[in-house]
1. Is there any pair with a first residue in segment B:46-74 that is without any contact (Cβ under 8 Å) to a residue 40 or more places away in the chain and at positive phi and a second that is among the polar types (S, T, N, Q) and surrounded by fewer than 21 Cβ atoms within 10 Å (Cβ to Cβ) whose Cβ atoms are under 8 Å apart and which are 6 or more apart or on different chains, and what are they?
2. Cβ contacts < 8 Å: first residue within 13 Å of another protein chain (Cβ to nearest Cβ) and part of a loop (DSSP other than H, G, I, E, B), restricted to segment B:1-29; second residue buried (at least 17 other Cβ atoms within 10 Å of the Cβ) and at pLDDT below 90, any location; separation 6+ or different chain. Result?
3. Condition test on A:E114, is it at pLDDT 95 or above, in contact with a Lys or Arg (Cβ under 7 Å, 6 or more places away or on another chain) and more than 13 Å from chain B (Cβ to nearest Cβ)?
4. Could you grab me the full set of residues in segment B:214-262 that are of a type in the set (D, E, K, R) and either closer than 28 Å to B:T72 by Cβ or in contact with a Ser or Thr (Cβ under 6 Å, 6 or more places away or on another chain) (or both)?
5. Listed residues A:A301, A:A212, A:A249; which is assigned to a helix (DSSP H, G or I) and surrounded by fewer than 17 Cβ atoms within 10 Å (Cβ to Cβ)?
6. Looking only at segment A:151-178, filter to residues that are of a type outside the set (G, A, S) and within 21 Å of A:D58 (Cα to Cα); which one of those is nearest to the chain's Cα centre (by Cα)?
7. So A:G183 clears everything in (1) in a helix (DSSP H, G or I); (2) within 30 Å of A:G322 (Cβ to Cβ) except one condition, right? Which one?
8. Can you name the number of the only condition in (1) touching a Pro at 6+ places or on another chain (Cβ under 9 Å); (2) not polar (S, T, N, Q); (3) not in a loop (DSSP other than H, G, I, E, B) that A:L68 fails?
2 protein chains.
Amino acid sequence: MHTARHSPASDTLGSLGETEVLARIFPRLPHADAALLGLGDDAAVLSAPDGRYVVTTDTMVHGPDFRLAWSTPVELGWKAAATNLSDVAAMGARATALVVAIVAPADTRVATLEGIADGLREACAELAPGCGVVGGDLSVSDTLVIAVTAFGDLEGRDPVRRSGARAGDLVAVSGALGLAARGIELLFADAVDEHGHPDADRVAAVRHAHGAELAAQLTPRPPLGDGVLAALAGATAMLDVSDGLALDARRLALASGVVLDLDAVAIGVAGLGLEGEHGEVTGEQVLRGGEDHALLATFPAGAELPGGFRPIGHVRAVGASGPEVRLDGVPYETRGGWDPYEDWNGRRG
Amino acid sequence: MHTARHSPASDTLGSLGETEVLARIFPRLPHADAALLGLGDDAAVLSAPDGRYVVTTDTMVHGPDFRLAWSTPVELGWKAAATNLSDVAAMGARATALVVAIVAPADTRVATLEGIADGLREACAELAPGCGVVGGDLSVSDTLVIAVTAFGDLEGRDPVRRSGARAGDLVAVSGALGLAARGIELLFADAVDEHGHPDADRVAAVRHAHGAELAAQLTPRPPLGDGVLAALAGATAMLDVSDGLALDARRLALASGVVLDLDAVAIGVAGLGLEGEHGEVTGEQVLRGGEDHALLATFPAGAELPGGFRPIGHVRAVGASGPEVRLDGVPYETRGGWDPYEDWNGRRG
C-alpha cells in the first residue's frame, strides 16, 4: 500500500491530473490516531473524547511567506504543519489532526507536492506524534499556497486564553526569540542575486554558516509539549509568539487588561544593540522579529515554571496609560510586526 | 458592537492593513452556536456533544473556480460556504462551523472582503442556521483564494459513507442536476467579451434571462437538511454530487463494490439530446455537468425516500466488468469530470 516512491521529475500536476496526484500523495501523509474516518470520503470524522475540539488555521503563500528558491518542499510541509501546531499548543491542547488545502500552478512538479507531504509527515512525527492529515483539497493557481487547518484535544482541561493574566503573575517564555528573524535577514542579505531576488544557488553557503538561524526560519520546532505543561501548571494566559515578542505581549496585555513588564536581562537583550554585528541576533530581532513560534505565558506568582519556560518579567496592574508592554519599567513602543498587506514587497520576492 | 457598515470604495487591504481589515470583517461574520470560544485567540474551541466531529475542506480560486466579473463578493462568500456545507451534509451530519482563510491582492477593496463575509453569513443563516465562522486567516497574493474548512455534528448517528451501497438498494438523488453546468455554459457563451474573457458588463442580461441556471451556478442551495434525513432514513451510502452525476455515481460504485444502474427517464435525460437547444439543460449536463451539489444516496429496497429524494435507479451486484455505472442497463462511460490541472485554461479566465 504505502509505496511512497518519488515521482519522476518530468511529472507535473498538469500532466498527471488531480486523481493521479492524490494517489501519489495519500500514501505519504501521516495517519491521525484521532481519525474515526480519514481520507477519501466527502469529509473526515474525528474523535473528541472530552466533547470539545480546538481549531486554528494558518496559510503560507509563495512570495510573502516563503520562497521556493530558499525552502525545499519538505521544509515547506514542515513549516506549514509546525506553525499551525504551535497555535494549538498555545491553547494548552494536544494537536491531533490537520487538513491541508494546496493551490499550485499546473506546471508544479508532483515531486514538489510529495515533498510537502513528506514534510507534513516528518513534522507530525517529531513534534506531535499521533497527529496526522485527515483531509484536504487541491486546486490550481499561478501562486503556490498551502492552507492548513489544525485540530487539538484539550483532554478535559480549560483552554488557556490570552485574557487571563492578572497583576502579580510571572511572565515566561519557552522557545528561541529572534533566531527566525535573524534567519530571514541573513537570507535576504546573502542568498539573493544582484537584483535582490531569492537565489537558490546562494542559499547553501548561508545554511552552512548559519545553521541554527536558518533552521529556526525554515523548519521551526515550536515547544509544543510546553503548551500542555503550561496548562497543567496553571498558566493564566498564553499565546503563540508569531509577530515578535513585543507585539504579542501587547496582545496579551490588551486581552487581559494588564501591563506586561519585561526584564531586558532576562530576555537577553540588555547587552544587544538594536543593530547587531553580522551573525548575531539583535535586540530588535528578539523584541520585534516574527515567526519565533515560541510560547508566551503568564503563571501565578510562585508557580514552578514547567518544561522549557524561563521567567522574563512580571504582570503589573494597569496605570494611567492602560494596558501596555514595558521594558525594565519603561513603556515600550510595540508598533511593528509584519503586515502582509503593508509590508510585502512583491518585486523583492 | 455589530456596526457592519460598508467601507468606502477607496479603502483597500493595503491601505488599511490586516488588523483594521479584521476589525471591519469580524462584526459581519455569523456566530456559531457550537463555539465555546470563537474568534480572537490562537484557536477556537468547539463543542462536540457526541464526542466526534466531521471535517471537510474546499477551496475556491479566482480563475478556475470563479470570476470576479461574474460573481459579486456576497455570492462568492455564499458559494464558498454552501459547497463546504454540502460535503458535511453528505456525511449525514449537521453543519456547525466554518474557518475561512482568504488570500487576496493588496489592492483588493475592503468592501470585497466585507461582501464575502456577508455571503458567508447569509448562506449560514439560510442553509444551516446556527452554523458560524469561528476562525480564519488573511494573507496576500496576486490571486484571490477562499479556503474554507467546515465542521459538522453527527448527533450520535453513524456517518453515511460512500462504501455502504448493497445490491438491491434504491438509488436516489436530492437537488437539481445539470442546472449549474448550464449556468456556467451560459456565462461563457453570453457574458464574455470579444476575446472570450468574462465581462462584467454582459452578465446582467444573462442573469435576467436565465435566473435559475445562474443561481444554481453562483449561489447554490444544496439540500443540506436532506443529508440528515437520509441518515435517519437508513441511507446505506451518500455523497455530494460535485463532479457530475455519472462520475460521482462511479465513485460510489467503486467504493461500495457495486453497479449503479440509473434510469434515464427518472433522471430526466431520456428526452434530452447530448446537445440541447439554447436555454435548456442537456443530457450531457445532467450526467456530466459539475457543481450540482446535489446529494446522491442509496437506500434499502422499500425504504420511504425522505425529504426531496427521488428514485433514479437501482444498485446491482457487480458483473464481469466490475463496479460501474449503467444507464438503462448499458455501461455508461464515466470519464469526464472537471480536473483543475488538466482542464483550466488560464488565458480564458
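1. Correct list of pairs: B:G51/A:S47.
2. Listed pairs, sorted by first residue: B:G17/A:D339; B:G17/A:Y341.
3. Taking the combined requirement at face value, the residue satisfies it.
4. Restricting attention to segment B:214-262, the residues satisfying the condition of being of a type in the set (D, E, K, R) are B:221, B:226, B:240, B:243, B:248, B:250-251, B:261.
Those that are of a type in the set (D, E, K, R) and either closer than 28 Å to B:T72 by Cβ or in contact with a Ser or Thr (Cβ under 6 Å, 6 or more places away or on another chain) (or both): B:R221, B:D226, B:D240, B:D243, B:R250.
5. Within the list A:A301, A:A212, A:A249, the selection yields A:A212.
6. This residue is A:L177.
7. Failing condition for A:G183: (2).
8. Looking at each condition in turn, A:L68 falls short on (3).
The values are calculated or read from the model by the stated rules, or taken from the named source; none is laboratory data. Computed from a prediction, not measured in an experiment: that's the story for all the values here. Every residue, glycine as well, gets a Cβ built from its backbone with ideal geometry; the counts of neighbours run over all protein chains shown.
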